[in-house]
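Everything below concerns the one structure shown next.
The values are calculated or read from the model by the stated rules, or taken from the named source; none is laboratory data. Note that the coordinates shown come from a computational prediction; the quantities given were computed from them, not determined experimentally. In this analysis, Cβ positions are derived from the backbone assuming ideal geometry, glycine residues included, and neighbour counts consider all displayed protein chains.
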Amino acid sequence: MHSSFKRFTRRALIAVLRAGVRAAPAATAAATTPAAAQAPAQALARGAANPYQRGPDPTEASVTAPRGPFAIASKKVTAFSHPGIREGTIYYPTDTGQGTFGAISVSPGFVSPEATVAWYGPRLASQGFVVITLEISTGFDLPEARAAQLLSALDHLKQDATVRNRIDPSRMAVMGWSMGGGGTLRAAQQTPSLKAAVPLAPWDLGVDFGDVRVPTFVMGADNDFIAGTGAHAEPFYEQLRVEKAYMELENAGHFTFTSDNTVIARQAISWMKRWVDNDTRYDRFLCPPPPGNSSTIQEYRSTCPY
C-alpha cells in the first residue's frame, strides 16, 4: 500500500476517534453457553477420526509458508451481485477429493480498500478454506455495517455457483482489520453459530463483547496509535468469556496487518484450523505460546484449553 494512502487513512481514522464516533450497539443473539456452543469441538478426542480434517500433518514450515498444501483458484465477485455486499474476491482450493471446506469472510478497515486485506485470501485458502475478501460498501462504514457485510458475504458463498458445493455451511468464520476487526467481533456477537473469529487491530466504541460465544483470537500491535491496544484489543479480549487468545506484536503498528506477515499468518491459520476444522493437530501452534522474541511478539495470552 502506498505511503500516501497510509498517511491519509491514519489521518482519517484519528479524525474519527477525535470526533467520538459511537456506533450503535449490535443486536445480541440468543444466549448460548460456551460449553454448549463448542461441545462438538471439545468432545473431539485427540487422535479420533475427524471428518473435517484437511491436508497433511502440519509442521512449523507448513504453517509459516507463503502457500499451504492446496492449489487454489480465485474469482471476482462483481459489484452488488449479492444483497448486503458490494464486491470482493473469492479464493478457494481446486481440490474436490477431500470433501467440503470451511469458509471465511474478511473485511478491511476504515477508508481502506480490499487490497489491504487481499493477502489473507490466498494464504488461508491454500491451507484448506474458501475465503472471500471484501470491498466494503463505503469506506466510511462503521463496525456494525461491516459485521452485516461479513455475514452477507458468507451467505453469498453458500449460493455462489463456483464454490457453493465446496463449502460446509455449518463451518463459517469471520476476520477483519481495524474497523473490520470491530465488525468481526460484532458479527461473532450476533451469530454464535460461527466457528471462529480473528479481529486484527480491532477498533470499536461503546460495545461490550462479553456475550460473544465464538472462539476468538484478538491480535494487536504495541505501536498502534489508531486502535491502541489499551483502549481496544486488550479490553475486548478481557471481555470475552469463551475460548480465546491474545497476541500483541512487538515494534508493530496499525498497518502491520495489511502486509504479508508470517507471525500473523501462523496464528490465524492455526486458530481457523483448530476451530473451523476441529483439527487438534494445530493445538501445538497455539498453546504454549508461539516461539518469538522481543522483535516479534511482545505479549501472548490464551485460555489454552488443549
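Some notes on this structure:
- Residue ID - modelled with the highest pLDDT, chosen from residues in the stretch 70-85 that are loosely packed, with under 15 Cβ neighbours inside 10 Å and part of a loop (DSSP other than H, G, I, E, B): ALA71
- Residues (surrounded by fewer than 24 Cβ atoms within 10 Å (Cβ to Cβ) and among the hydroxyl-bearing types (Ser, Thr, Tyr)) located in the stretch 173-228: THR191, SER193
- Residues that are small (Gly, Ala, Ser), part of a helix (DSSP H, G or I) and either at positive phi or in contact (Cβ under 8 Å) with a residue 60 or more places away in the chain (or both), drawn from the stretch 88-129: ALA115
- Top-ranked residue in the stretch 38-57 [being at pLDDT 85 or above and in contact with a Pro (Cβ under 9 Å, 6 or more places away or on another chain); ranked as surrounded by the most Cβ atoms within 10 Å (Cβ to Cβ)]: ARG54
- Within the stretch 229-259, restricting attention to residues that are within 15 Å of THR296 (Cβ to Cβ) and crowded, with 24+ Cβ neighbours inside 10 Å, the residue that is farthest from the chain's Cα centre (by Cα) is LEU249.
- Total residues in the stretch 130-156 satisfying the condition of being surrounded by 24 or more Cβ atoms within 10 Å (Cβ to Cβ), touching a Lys or Arg at 6+ places or on another chain (Cβ under 7 Å) and not in a strand (DSSP E or B): the figure is 3.
- Any hit, the stretch 177-188, residues being assigned to a loop (DSSP other than H, G, I, E, B) and either more than 14 Å from SER302 (Cα to Cα) or among the aromatic types (Phe, Trp, Tyr) (or both): yes
- Residue check: THR262 meets all listed conditions (1) surrounded by 21 or more Cβ atoms within 10 Å (Cβ to Cβ); (2) touching a residue at least 60 places away in the same chain (Cβ under 8 Å); (3) among the polar types (S, T, N, Q) but one, namely (1).
- The stretch 130-168, subset without any contact (Cβ under 8 Å) to a residue 12 or more places away in the chain and in contact with a helix residue (DSSP H, G or I) (Cβ under 9 Å, 6 or more places away or on another chain), residue nearest to TRP275 (Cα to Cα): ARG164
- Filtering ALA27, ALA115 for residues that are exposed (fewer than 15 other Cβ atoms within 10 Å of the Cβ), modelled with pLDDT of 95 or more and either under 20 Å from the mean Cα position of the chain (by Cα) or of a type in the set (Gly, Ala, Ser) (or both) leaves a single hit, ALA115.
- The stretch 86-110, residues that are at pLDDT below 95 and crowded, with 19+ Cβ neighbours inside 10 Å: ARG86
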